[in-house]
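Everything below concerns the one structure shown next.
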Number of protein chains: 4
Amino acid sequence: MLQCGVIGATGYAGSVLVSLLSAHPNVEISYVASHSYVGKRFSDIYPSLKGACDLVLEEEQVEEASKRCSVLFLALPHGLASNKVTQEVLNRCIIIDLGADYRLCDSSVYESWYKTEHGSKELLTQSVYGLCELHRSEIEQSNLIANPGCYTTCSILTLAPLLAEKLVDPTSLIIDSASGVSGAGRSEKIDSLFCECNESYKAYGVTNHRHTPEIEQELSLIHGSALMVQFTPHLVPMNRGILSTCYANLKAAVTEKDIEAAYVKHYGSEPCIRLMGSSLPETRFVRGTNTCAIGWKVDARTKRVIAIGAIDNLIKGAAGQAVQNMNIRCNFEETLGLPLNVSNPL
Amino acid sequence: MLQCGVIGATGYAGSVLVSLLSAHPNVEISYVASHSYVGKRFSDIYPSLKGACDLVLEEEQVEEASKRCSVLFLALPHGLASNKVTQEVLNRCIIIDLGADYRLCDSSVYESWYKTEHGSKELLTQSVYGLCELHRSEIEQSNLIANPGCYTTCSILTLAPLLAEKLVDPTSLIIDSASGVSGAGRSEKIDSLFCECNESYKAYGVTNHRHTPEIEQELSLIHGSALMVQFTPHLVPMNRGILSTCYANLKAAVTEKDIEAAYVKHYGSEPCIRLMGSSLPETRFVRGTNTCAIGWKVDARTKRVIAIGAIDNLIKGAAGQAVQNMNIRCNFEETLGLPLNVSNPL
Amino acid sequence: MLQCGVIGATGYAGSVLVSLLSAHPNVEISYVASHSYVGKRFSDIYPSLKGACDLVLEEEQVEEASKRCSVLFLALPHGLASNKVTQEVLNRCIIIDLGADYRLCDSSVYESWYKTEHGSKELLTQSVYGLCELHRSEIEQSNLIANPGCYTTCSILTLAPLLAEKLVDPTSLIIDSASGVSGAGRSEKIDSLFCECNESYKAYGVTNHRHTPEIEQELSLIHGSALMVQFTPHLVPMNRGILSTCYANLKAAVTEKDIEAAYVKHYGSEPCIRLMGSSLPETRFVRGTNTCAIGWKVDARTKRVIAIGAIDNLIKGAAGQAVQNMNIRCNFEETLGLPLNVSNPL
Amino acid sequence: MLQCGVIGATGYAGSVLVSLLSAHPNVEISYVASHSYVGKRFSDIYPSLKGACDLVLEEEQVEEASKRCSVLFLALPHGLASNKVTQEVLNRCIIIDLGADYRLCDSSVYESWYKTEHGSKELLTQSVYGLCELHRSEIEQSNLIANPGCYTTCSILTLAPLLAEKLVDPTSLIIDSASGVSGAGRSEKIDSLFCECNESYKAYGVTNHRHTPEIEQELSLIHGSALMVQFTPHLVPMNRGILSTCYANLKAAVTEKDIEAAYVKHYGSEPCIRLMGSSLPETRFVRGTNTCAIGWKVDARTKRVIAIGAIDNLIKGAAGQAVQNMNIRCNFEETLGLPLNVSNPL
């Protein structure tokens, strides 16, 4: 059994990760750590996981944990991981970081969007952007896997085939996304109170959300040169789910068939992607799963394609993809321990 | 007291209208009609309006009603009103139609988007598009007022100043909207069941929603020549509210100041519009009110403006605007009987 | 115009109160105070009330406020008011306290349930329990009105006629209540986060909720001797509303007619109570209103009556009843400025 | 592999059952039938189960299905199963009926509560009430298993140990329950529309809900003589979950220890029951699982026990318990294919 640890285990992403790992057939959780609940049992904080993980929460010590675990997952606010991971840690342990610190190759981009210094720039050359469907072969070989953001996973997967096949104008990309409230994490903020979110819908982070440079980095890579996207997140009164509605101007003569062919070519055999064509995804279709559902419509009137992706922000957008990355890195079956279907209504 | 009637009184828009009219100081409701509940008291269907309106629901008879009312509101599915309204009706009664039949000047556009023949094309020259802030002087004089759609009210109001002042590229307009479930009406459809909508978010009507030609008609008028918009509605698990997130490419040299000046010029003294600048609206801020809240951000990086409008779909997007139209037409104070503020959380 | 002040204006109850007072025809708000937002405009915290109240929030100073206001409303956590109100304050100003400090006649009961010393026991003889329908004549004369709790208002109103008319066994009273999340207030608590409340239902405060002694005090008074109730609150994933499902064993030979007669006798002409008989209330029927809706069923099989009351916890359960108390105390029409109907769905 | 069939596969309980069976290691689904969607693929109706079950839906034919399946699940409205099941069917096939037809031993009780004639009274002697924890040994041997109702499962499990150990007064039982909206099924009813349920809470079926006689039958059996319960269900705006708050007067001298001992004695080794003591269950703790969580508080003041149970109405309250019954009947491990934990927030 592979020994695993989770630092930041009592946040929403961390606890979903503990849940997935506790049910994973090849894995044993030997270490869970939490900033706020040291000394309590994990299942005291999450009673619904009693029996699944009853370990006592320890201090968040990357150094120590890396000695006890073969794979160590970090689910920390940005700025922490880059000050805790070292070359020594990476020499003995695989780090899968669910935070933002190792996602951007260019530390100056990181520093400009996150307004903080990067604590270990020298490790960035070793880090792999852990969007499994796009970087599988690199993930297989790296000890520092930067698990992507939730909006970014959904948006990049939705747009990648269109850019890879040169079907759309790269200057026209608009990504209008919406997320459930668990994306804001389990912290005591007025803005996350039930009565502040319920029965309302709003945009936030307009023009300056930190997932923007991640999306641009990956889509630029696919496109072959630098591009920019307009990314606007919204908040939906539901627990889980992200939907990205992506707009792009079609290049001349591109047809609906070309669009479909691109998706089938890139994702036709991907186990965690469900192509829905024109029937369009809804977030409930992927709730609780590691599946990304993608649909699309061509507007012959306006010469645009509207491509829509849906994920569970805590699973394919965080903990599930982290497990998928572990599976790839450790040569397990890629979907081992990952739910792909859900029974609605859930 | 002005005698008013409501046909389609037990639908969501109709019942909100009855509620507003019953509290309006210059108005008496003398006629309420319903397709499904003839013979029952209105307050048997809506117990929360007991005491406000206890009239018995009658058959839906436009002819008859027009003899008993000075203002007659129609809240019917599309295709019905145009077969019930006649010149004789208009000669004796002001019709405010909450449906789609008289909104589009060009009956061929209507017939192509609604897939049905228009029943009274000859009356279209008399109809006024009842978006109060844009057509006030025409509304004052017309006996056939076509109350706009919910998405259209929100989207047109949000974009109008930008087009009127020639600040944005008219080929670049993308309107990404989201609505609460009451927009789907009070009809027995699987898709509107609690468990089918709750805890999910989806796009629908992508590329072909019927509010598209309405938005295009009005924005083209403002722009001075025909333009097209990309309009995508989404469904949010909440009762009420519409948010339109509108994207447009800025013309060269347009600044944040220019944008603000345009909104202030057009809406600075509008009683039903609240300009929020960069603090951005949320649907809860206008829940239960006839207010349209509008905010905006300029993205210096991408040279776009993102303008965001919010309304209550059943009030400013339907029943409230209908009352506002009546107020204008009947020379009442424009906001008489209309709530403009709300106490959150509601 | 009556000069009014609100201390604790930015909490949920306080802000609803500001909203109601700002629309009240006989009142001017001259003072608003907040613990957390001194120096900000009220409408910066509640943008949906822009134009309704744009006053700058001041420090919470009862002494100072009592000099500037004829009526001063306190919406503070328990334990604060009793240390701020003095005889001098009461000599020049009417205090309507939305908190718990002056509700219980017996300070030892207060101290045992609230685990804190009472700061001004000497004032308790002057305080009136402001449940309007039960204590109207005392309210007319008091300068210290203790506005009842939300659960208590709903539960006492629902059970009072049954006890007053001796129809039920006073040892058998079970009150099973449920509230929307706004009852927990606008404070940064993990338990009030959207994702902790949404899609769940739970009991809390079982056997020891602090509204128990309030209910017992008032029902004992009506009954004529001390009684106990079993009170169990639950949390419902909605913003507003309380429903109390009350169980009582019928005394021998009591019929459905007797029950109805009791309700009609006590509440038949109450403007803020809506008797629904066997059609039963739902919380949405009273959302946003100062109405208490009450229905009941007699179970011939089990010889019990199940009486069910519904209120809006922030209005009849807090701010609305406070205004109703002010109206009574100041000889205004009792429902002035108070919404009694609502248009569903809201 | 055991061949299974599901009749009524596209309702909520039926589809959850299909989902559980499709992931069950010992089972193959060979037949799915639906009243409304004959000829469509199951996954066309439930896109989130694409890949899990893509069978074509057939006509609902019990006779035919019983020839092709070893276990046949019926998820039909009451009154249908009793007209379709015959002795021949039972001779060749195990029937697990999720409906009400075979739950009540006494057909006259059935006919009086359900207002319809029972179609196969002669089979009632063969049927077993499939509440697994109470009737395990009978279930092992029966070919006609009547899967209990949702409210009944939760309420009976919560109260059974208290009655079995004679700790409470059997004349004092009050069960106040609340359910998510999926309990109302997937049918086109105004009352189940999103906007009719959302942001509200109500009681329904007061004094006459059909789960009452089921609860009474089973608790009477445990108690040793006939007893009655007061059962009141409520509707909560959430998809899934039932909470039963059960009140009972303690017999003299019964202590908190006695209560705990009773629960431990009866359920201490039950794999699908989680005892929570005084920390009390919430419905989210069991969402998506086959677990029944039970907690309790003794009120020393009032001499009552308040025992609270929580289940997922579609799993332990329907489809999951059906699978548990199959596991017991077929000598599989009892929890095979059944989720027992969940990762909140879900």
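The values are calculated or read from the model by the stated rules, or taken from the named source; none is laboratory data. This structure is a prediction, so every number in the text was calculated from the model and none was measured. With ideal geometry, Cβ positions are generated from the backbone for all residues, glycine too; neighbour counts draw on all protein chains shown. The area values use the complete protein model at the heavy-atom level, side chains included, leaving out ligands, DNA and RNA. Shrake-Rupley method; radii C 1.70, N 1.55, O 1.52, S 1.80 Å.
Residues of segment B:268-286 that become at least 20 Å² less accessible with every protein chain present than in their own chain isolated, using 1.4 Å: which are they? SASA drop of 20 Å² or more in segment B:268-286: B:R274, B:L280, B:E282, B:T283, B:R284, B:F285.
What accessible area, summed over both chains, is buried at the A-B interface (1.4 Å probe, Å², nearest 100)?
Working: alone 14810 and 14800 Å², together 25540 Å².
Between A and B, the summed buried area is about 4100 Å².
Using a 10 Å cut-off on Cβ to Cβ distances, tally the other chain neighbours for every residue of C:38-49 and report the average as a whole number. Walk me through the numbers before you get to the answer.
Values: counts 0, 0, 0, 0, 0, 1, 1, 2, 5, 12, 18, 6.
The mean count of partner-chain Cβ atoms within 10 Å per residue comes to 4.
Hey, can you list the residues from segment B:165-191 whose accessible area shrinks by 30 Å² or more with all protein chains present, relative to the chain by itself (probe 1.4 Å, no ligands or nucleic acids)? Going by heavy-atom accessible area, the residues of segment B:165-191 that drop by at least 30 Å² are B:I174, B:D176, B:R186, B:E188, B:I190.
Antiparallel beta bridges, as assigned by DSSP with both residues in segment A:255-343, represent about 65 percent of the total such bridges. Within segment A:151-311, antiparallel bridges make up roughly 75 percent of the DSSP beta bridges whose residues both belong there. Of the residues in segment A:330-346, those shielded by at least 20 Å² of accessible area once partner protein chains are present, compared with the chain alone at a 1.4 Å probe, are A:N341, A:V342, A:S343, A:N344, A:P345, A:L346. With its label point put 7 Å out from Cα toward Cβ, C:T255 sits 5.0, 8.1, 8.4 nm from the same residue's point in the other copies, in order from shortest. Across peptide D:235-246, the average count of Cβ atoms from other chains found within 10 Å of a residue's Cβ is 6.
Kindly rank A:218-228, A:162-172 from highest to lowest mean number of other beta carbons found within 10 Å of each residue.
Result, highest mean Cβ count within 10 Å first: A:162-172, A:218-228.
Could you provide, to the nearest whole Å², the per residue accessible area of segment B:2-125 with probe 1.4 Å?
Working: 4830 Å² over 124 residues.
On a per-residue basis, segment B:2-125 sits at 39 Å².
Across segment C:105-167, the relative contact order, built from alpha-carbon pairs under 8 Å that are at least six residues apart, equals 22 percent. Counting only other residues whose beta carbon sits under 11 Å from that of C:Q61, what net charge do I get with K and R as +1, D and E as -1? Net charge in that neighbourhood comes out at -2.
Over chain B, Cα pairs under 8 Å with separation of 6+ residues give a relative contact order of 17 percent. When both segment A:1-23 and segment B:1-65 are represented by their alpha-carbon centers, they are found 57 Å apart. In this structure, the amide hydrogen of C:W296, modeled 1.01 Å from its nitrogen in the peptide plane, lies closer than 5 angstrom to those of C:G277, C:S278, C:S279, C:L280, C:I308, counting only residues at least 5 positions away or on a different chain. Think of a 1.4 Å ball rolled over the protein heavy atoms: segment C:151-311 then has 27 Å² of accessible area per residue. Within the shell of other residues whose beta carbon sits under 13 angstrom from the beta carbon of C:E199, the net charge comes to +3, with Lys and Arg scored +1 and Asp and Glu -1.
Report the charge-dipole magnitude of segment B:234-287 in Debye, nearest 20, computed about the Cα centre from +1 at each Lys and Arg Cβ and -1 at each Asp and Glu Cβ. Walk me through the numbers on the way to the answer.
Details: 7 positive and 5 negative charges, 38 e Å.
The calculation lands at about 180 debye.
Just to confirm the filter: which GluC sites (Glu not before Pro) across segment B:262-346 are DSSP coil and have at most 16 other Cβ within 10 angstrom of their Cβ? Mind dumping the intermediate values first?
Working: sites: B:E282, B:E333, B:E334; in loops: B:E333, B:E334.
In loop regions of segment B:262-346 (DSSP not H, G, I, E or B), the sparsely surrounded GluC sites (Glu not before Pro) are B:E333.
Across the identical copies, the 7 Å label point of C:Y37, projected outward along Cα→Cβ, sits 3.2, 3.7, 4.7 nm from its counterparts, in ascending order. Per-atom-type breakdown for the protein assembly as shown gives carbon and sulfur 48% of the accessible area (1.4 Å probe, protein chains only). Sorting B:6-18, B:114-126 by average packing, meaning the other beta carbons within 10 Å per residue, from highest down gives B:6-18, B:114-126.
Distances from B:M1 to itself in the other copies, using label points 7 Å out along the Cα-Cβ axis, amount to 3.0, 7.1, 7.7 nm in increasing order. Shielding by partners for peptide A:204-212, expressed as the average number of C-beta atoms from other protein chains within 10 Å of each residue's C-beta, is 3.
Out of all DSSP beta bridges in the protein assembly as shown, what portion is antiparallel? Express it as a percent rounded to 5. Walk me through the intermediate numbers first.
Numbers: 106 of 226 bridges.
DSSP beta bridges in the protein assembly as shown are roughly 45 percent antiparallel.
Computed from Cα positions, the angle between helix D:211-223 and the longest principal axis of chain D comes to roughly 60 degrees. Using Cα centres only, tell me the gap between segment B:286-319 and segment D:310-334 in whole Å. Cα centroid of segment B:286-319 versus Cα centroid of segment D:310-334: 49 Å apart.
Here the dipole of chain D is about 660 debye; that uses its Cα centre as origin and unit charges on the Cβ of Lys and Arg (positive) and Asp and Glu (negative). Protection proxy ranking for C:243-251, B:26-34, A:174-182, using the average of other Cβ atoms within 10 Å per residue and placing the highest first: A:174-182, C:243-251, B:26-34. Within the straight-line cut-off of under 21 Å between alpha carbons, the lysines reachable from A:K297 are A:K166, A:K251, A:K257, A:K265, B:K115, B:K202, D:K50, sequence neighbours fewer than 8 places apart in one chain being disregarded.
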